[in-house]
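Have a look at the structure below before the remarks.
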Amino acid sequence: MAGVAIDAIMEDHTMSKRIACLSVIAAFLLCCSPDLYAAQIYVPADYPTIQVAIDAAVDGDMIVVSPGRYVENVDFLGKRITLQSTNPHDREVVASTIIDGNQAGSCVTIVDARDCVLRGLTLRNGSTRGWGGGVRCESPPVTIEDNVITGNYAELGGGGVAVVYSDGLAIIRGNTICGNSAHNFGGGVCIQSRGSIVKGNTITSNVGHMGAGIFVFEEAQVIGNVISSNVAPDTPGLAGLGGGIGSDAFRGFITDNVISSNTALAGAAFTCSGAFDLVMVGNIVSGSTAYEGYQGPAVYIPDGMDFTVAGNSVVDNQTPGICIEGVGPAIAVDNMVIGNGGSGIAARGSSKHDVAVLDNVVSCNRGGGIVLRYEGLLANNLVSDNSSDSNGGGVLLDGECLFTLLNNTIIGNRAAGSGGGIRVYRSKALIANNIIRDNNASNGPELDVGGEEVVWQHASLTVKNSNVAGGEAGVIVGGFATLTWGPTNIDADPLFVELGHWDDASTPDDPADDSFIPGDYHLLPGSPCIDAGTNDIDNPDTPEIETLPTTDIAGLPRIIDGDLDGTATVDIGAYEHLPGDVNYDGKVNVLDLLLVRNSLGSDPSSSIEARKADVNADGSVNVQDLLAVRGQLAR
């Protein structure tokens with residue numbers, strides 16, 4: 001019995017210790033985690049105004065505002081709280097729950113208050129001589145989401161929202177930010193908080209001299225926004241730059257945005273002076289305009305280092321497309337640059353640096369296709385149907401260039417001056433594995449090279465393993481220039497799948513309704529460009545960039561044995577030919593077998609489908625073509 005009593009006493013003692021320990025933990029949580037006991041405060045049910053509710057709130061509280069118009073300038077007073085409408089996801093509720101700043105200051109001020117949330121409200125009529133007419137925030141982390149922020153003004157910046165003087169994370173997402181203005185930076189949004197995220201917002205019809213839609217001082221991510229119809233006005237002493245997005249020393253990502261119909265002196269869609277580690281990828285840029293008398297490009301990076309402009313669609317802007325300058329290195333890769341009012345892509349400036357222009361489709365631009373200065377590589381580009389009022393309809397190398405041009409297809413371009421295809425002026429260039437045909441200029445059809453008397457302004461051009469219309473006779477060599485013409489160049493029909501052409505909509509006398517039908521510049525079986533390039537690139541002026549591209553413009557590997565002779569040699573042009581890929585989808589599969597079977601017995605000259613199906617280019621579609629495709633399937 002004594003042993004049982006001792007066991008019971010020990011068990012009670014152990015339980016007491018557990019209870020005491022749990023009490024200590026509970027007390028700790030009570031002190032450190034007020035969110036566990038956070039209150040919901042209702043306006044006007046509990047307090048008549050938002051500010052009075054904030055005065056009464058403690059960290060972790062949520063203030064819920066019922067629909068109505070609240071003429072206030074709200075200050076979070078350094079408290080970690082959430083301020084929202086009764087239903088932030090209901091547009092009618094958001095539109096009818098209004099904080100009206102009455103032009104007496106910022107609608108909402110968040111200073112020295114971390115982990116705050118502002119959600120589902122309409123903020124309007126704020127005005128300040130400082131930062132943030134709609135929202136002024138100086139203490140991230142903060143989340144500003146699902147609000148309508150409209151009709152606000154800030155003298156310094158951030159007419160709609162300003163997050164400044166802080167290094168914490170600010171998340172600005174799902175807001176409609178429209179009709180705001182700033183005298184200086186960021187008519188819609190101004191960010192000076194490292195690592196902030198601006199995502200999924202509609203930012204439209206804002207006005208600001210620098211970055212009318214968004215201005216970013218620090219590293220940020222600008223993702224998936226619609227940024228449209230913003231205006232950076234040009235006034236005496238204050239140039240209007242960056243209609244959609246503007247920046248100074250931008251580090252970060254601009255991805256998957258629609259940036260349309262913005263206006264500025266330069267950089268109507270985007271401009272950044274001092275870009276470092278900037279990635280601009282997957283954006284749609286269209287409808288940009290510049291002020292009369294100016295030709296500032298839609299995307300303008302005048303001074304940058306180590307930046308990438310990739311996978312963007314820059315189309316139908318009234319301005320030039322993309323202009324990149326700076327101290328390098330820089331990459332423009334896999335962009336669609338079509339139908340712009342000036343040059344498609346320009347990499348230019350006064351100092352040399354490495355620039356790579358790769359895998360771009362540059363077509364129908366009205367100031368020439370690609371303009372180059374500096375040192376670098378132009379490879380795997382399709383440059384077609386561009387026009388220039390001066391020189392270099394397709395490509396212009398203008399001033400102290402050291403460039404290697406590899407595996408480009410340059411076709412159907414026009415120039416009022418010299419060099420319908422390529423103009424090389426005061427530069428050194430190696431052209432290898434290029435197709436340069438059907439280009440036209442007032443002074444000679446395809447290539448033009450010329451220099452000046454000063455030694456460092458002489459020019460030289462080496463052409464090898466390229467398909468040039470007219471051969472060596474298609475090149476004009478001006479004063480103080482030299483041409484080295486390789487014996488492996490050819491002059492022959494490349495046998496493209498289909499040339500691009502203009503459709504006059506059956507109204508030849510009315511050019512306004514004309515439209516361009518893009519071509520398909522893959523090589524047909526039997527093309528003289530298949531396996532006709534050189535794998536050995538040797539440009540002594542730029543030894544660091546002698547390597548061939550590892551893929552073609554469509555992502556196929558370089559190099560493929562395109563003529564099935566057992567030796568893999570790079571093709572001429574932007575596209576590498578994959579034998580057996582009858583539908584040119586980048587792979588050989590059962591569908592290709594079916595397409596050949598459907599054309600069995602056909603004369604390859606009878607249709608483009610039959611020509612594709614003549615896989616071995618022997619002049620007939622037969623069982624040998626089926627076997628050729630089958631042989632490729634096994635690889």
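The values are calculated or read from the model by the stated rules, or taken from the named source; none is laboratory data. Everything numeric here is computed off the predicted structure, so don't read it as measured data. All Cβ positions, glycine included, derive from the backbone under ideal geometry; neighbour counts span all protein chains shown.
Here is how the numbers come out for the structure above:
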| item | result |
| --- | --- |
| Qualifying residues in the stretch 374-390 (those that are in a loop (DSSP other than H, G, I, E, B) and crowded, with 24+ Cβ neighbours inside 10 Å) - the one modelled with the lowest pLDDT | Y374 |
| Matching residues in the stretch 172-184 - criterion: being more than 19 Å from G126 (Cα to Cα) and either assigned to a loop (DSSP other than H, G, I, E, B) or out of contact with any Asp or Glu (no Cβ under 8 Å at 6 or more places or on another chain) (or both) | G174 |
| Odd one out for P233, checked against (1) on the phi < 0 side of the Ramachandran plot; (2) modelled with pLDDT of 95 or more | (2) |
| Scope the stretch 273-293; condition in a strand (DSSP E or B) and more than 16 Å from G321 (Cβ to Cβ); matching residues | S273, G274, A275, F276, L278, V279 |
| Some residue of the stretch 591-602 being at positive phi, touching a residue at least 24 places away in the same chain (Cβ under 8 Å) and aliphatic (A, V, I, L, M) | no |
| Qualifying residue in the stretch 129-146 (condition: farther than 23 Å from A57 by Cβ, without any contact (Cβ under 8 Å) to a residue 60 or more places away in the chain and surrounded by fewer than 24 Cβ atoms within 10 Å (Cβ to Cβ)) | yes |
| Residue match in the stretch 548-566 (condition: in the same structural domain as V383 (by TED's automatic domain parsing), of a type in the set (G, A, S) and within 30 Å of the chain's Cα centre (by Cα)) | yes |
| Subset of the stretch 277-296 (residues that are in contact (Cβ under 8 Å) with a residue 24 or more places away in the chain, of a type outside the set (D, E) and more than 14 Å from A232 (Cα to Cα)) | L278, V279, M280, V281, G282, N283, I284, V285, S286, G287, Q295 |
| Test: residue in the stretch 92-101 that is surrounded by fewer than 22 Cβ atoms within 10 Å (Cβ to Cβ), charged (D, E, K, R) and under 20 Å from N201 (Cα atoms) | yes |
| The stretch 291-316: number of residues that are at pLDDT 90 or above, among the hydrophobic types (A, V, I, L, M, F, W, C) and either more than 14 Å from G246 (Cβ to Cβ) or assigned by TED's automatic domain parsing to the domain that holds F516 (or both) | 4 |
| Test: residue in the stretch 439-462 that is at positive phi, buried (at least 21 other Cβ atoms within 10 Å of the Cβ) and either in a helix (DSSP H, G or I) or at pLDDT 95 or above (or both) | no |
| Which numbered condition L523 misses (of (1) under 19 Å from V395 (Cβ atoms); (2) in contact with a Cys (Cβ under 6 Å, 6 or more places away or on another chain); (3) aliphatic (A, V, I, L, M)) | (1) |
| Of all residues making up the stretch 185-202, the number that are assigned to a strand (DSSP E or B), touching a residue at least 40 places away in the same chain (Cβ under 8 Å) and either among the charged types (D, E, K, R) or closer than 15 Å to G133 by Cβ (or both) | 2 |
| Tabulated pairs, the stretch 382-406, first closer than 25 Å to L499 by Cβ and without any contact (Cβ under 8 Å) to a residue 60 or more places away in the chain, second among the basic types (K, R) and surrounded by 24 or more Cβ atoms within 10 Å (Cβ to Cβ), C-beta under 6 angstrom, 6+ apart or interchain | N391/R423; G392/R423; L396/R423 |
| Residues within the stretch 425-438 that are touching an Asp or Glu at 6+ places or on another chain (Cβ under 8 Å) and either modelled with pLDDT of 95 or more or at positive phi (or both), tallied | 4 |
| Of all residues in the stretch 463-492 being β-branched (V, I, T) and either outside the structural domain of A416 (by TED's automatic domain parsing) or more than 36 Å from the chain's Cα centre (by Cα) (or both), the one that is surrounded by the fewest Cβ atoms within 10 Å (Cβ to Cβ) | T484 |
| Residue list for the stretch 151-164, filter: under 27 Å from the mean Cα position of the chain (by Cα) and surrounded by 24 or more Cβ atoms within 10 Å (Cβ to Cβ) | G157, G158, G159, G160, V161, A162, V163 |
| From the options I245, I259, I227, I301, residue that is surrounded by 19 or more Cβ atoms within 10 Å (Cβ to Cβ), within 15 Å of I331 (Cα to Cα) and out of contact with any helix residue (DSSP H, G or I) (no Cβ under 7 Å at 6 or more places or on another chain) | I301 |
| Strands (runs of 3 or more DSSP E) within the stretch 72-138 that include 1 or more residues modelled with pLDDT of 95 or more and not β-branched (V, I, T) | 82-85, 97-100, 116-119, 122-124, 135-137 |
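Here is a yes/no grid of residues against (1) part of a loop (DSSP other than H, G, I, E, B); (2) outside the structural domain of P549 (by TED's automatic domain parsing):
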| residue | (1), (2) |
| --- | --- |
| E325 | no, yes |
| I331 | no, yes |
| N340 | yes, yes |
| A346 | no, yes |
| V357 | no, yes |
| E400 | yes, no |
| F403 | no, no |
